[in-house]
1. Counting Lys and Arg as +1 and Asp and Glu as -1, each charge on the Cβ, what is the dipole of the chain about the Cα centre in debye, to the nearest 20?
2. Any chance you could tell me what percent of the C-alpha pair distances in the range 272-317 go past 16 Å?
3. Which residues' amide hydrogens lie under 5 Å from the amide hydrogen of residue 128, considering only partners 5 or more residues apart or on another chain, with H built in the peptide plane?
4. To test your reading of the geometry: what angle, between 0 and 90 degrees and rounded to tens, separates the Cα axis of helix 360-372 from the longest principal axis of the chain?
5. Considering only 398, 178, 223, give the residue with the highest GNM mean-square fluctuation for the chain, with springs between Cα atoms whenever their separation is below 10 Å.
6. Quick one: dipole size for the range 210-388, taken about the Cα centre, charges +1 on Lys/Arg Cβ and -1 on Asp/Glu Cβ, in debye to the nearest 20.
7. Obtain the nm distance between the two label points defined at residue 395 and residue 273 by a simple spin-label model: each point lies 7 Å from its Cα along the Cα-to-C-beta direction.
8. I'd like the distance separating the alpha-carbon centroids of the range 243-299 and the range 90-119, in whole Å.
Amino acid sequence: MAPLRIAIFAHEFPALSETFVLRHITSLIERGHEVTVLSTAPRAEPAQHPAIERFDLRRRTRYLEMPAARLARVRAVPDAFGRGWACGRAAPFRALNVLRYGREAASLRLLHWAATLSSGGEFDVVHCHFGTVGRLAAFLREIGALRGRLVTTFHGVDLSACLRDDPSLYDHLLRHGDLFLPISDVWRQKLLSLGCQPARTVVHRMGVEPGRFVFRARRPAADQPVKLLTVGRLIEKKGVEYGLRAAAELVRRGIRVDYQIAGDGPLRAHLEQLAAALEIGPSVRFLGWRNEEQVAALMAERDMLLAPSVTDATGDQEGIPVTIMEAMAAGMPVVSTWHSGIPELVEHGAAGFLAPERDVVALAEAVERIVRNDLSAAMGHAARRRVELDYDVRRLDDTLERHYRALVEQSAPPRALGADPATVVV
């Protein structure tokens, strides 16, 4: 079959914590598709994933050409208007329609995106990661700056914190998007409650390559510390504070721990201070950011994954963390929380145990129960089977490709509104 022209639209690219976006892009390239990445800017980070260079992704990426300063942005309007004209004579006028597009028009973002896309915004499929990006893409398609079937993956924060102040945020997207791919049943139900059409709303999970992880049945020695691992950005919703407090509770119960935390972020200093205050500093190591190979190596030698996710103060929630899938593929039992879509992956009592959010005692009791009842090996086998059955990314990619081709084979997507460049659509 002929390769497809596919745009992957992400707010920040590359971003180390969003390996699912990177994996999506590289998989499509490996399958022979013509892939372009659209992004506002790269995330400011101290390291870069090796795949960026290996697949020459900088060359494939188009960044928003818009000055950061408001005054410079305004001064650049004549140039952006002229370049945006190439998208169609109406596009620059529509891009300034504040009544219809609100802040995206008032900030001049739509106009500058139209200018950025003037050298080519025509694709078979435009796949957006996160609902906020899908909303922007729907506006760009309507003004004529972007063409192609519009697919949006919803991950978590976009259906939790992002809706707190504006429940109608996605009204336009849900009316005009072609396919919506929430990563969990929880988020599908949320989309349906917002008025999304069931026929266009399909759960499509993130996944991992099980074969990349060497399975090892865990049998922690009774006379050795239990080797705990947490992987993720050091931000509130990852719940690392409660992992530390659970480790302290385990020590109080007479269970020695060796707790390693892989990841970095704004809460690192606070968490290091907390570990010292809990008097477990010698038992905890903050490893900083680790690449995929290093994380896989950690998972091969650790006893158990501790993923104490919580809903943060803004209402932000997880999707289903890929790191849990990776740990399960490696045969690690998981202790996590009844949070978002995590129970859809971690069957309580089979692949691990779940605790209520922020319940330090329940987290500690779950770890203790696995250790004292020698459940690690059986849970590890159940975890691996679960990932192989429903979270194998190769099978998921096959399904996604079928979705794309089904969309492309349908009649042409809606054209931009109107034909008269002076038409004002409200």
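1. Numbers: 55 positive and 51 negative charges, 169 e Å.
The dipole magnitude comes to about 820 debye.
2. Details: 641 of 1035 pairs.
Every Cα pair in the range 272-317 considered, those over 16 Å come to 62 percent.
3. Those qualifying (amide H under 5 Å, at least 5 residues apart or on another chain) are 9, 151, 152, 153.
4. Approximately 60 degrees, to the nearest ten.
5. Greatest mean-square fluctuation among the candidates belongs to 223.
6. 440
7. 4.7
8. With the range 243-299 and the range 90-119 each reduced to a Cα centre, they are spaced 46 Å.
Every number in this text was worked out from the coordinates using simple rules, so none of it is lab data. All values derive from a computational prediction rather than experimental measurement. Cβ: placed from backbone, ideal geometry, glycine included. Neighbour counts: every protein chain shown.
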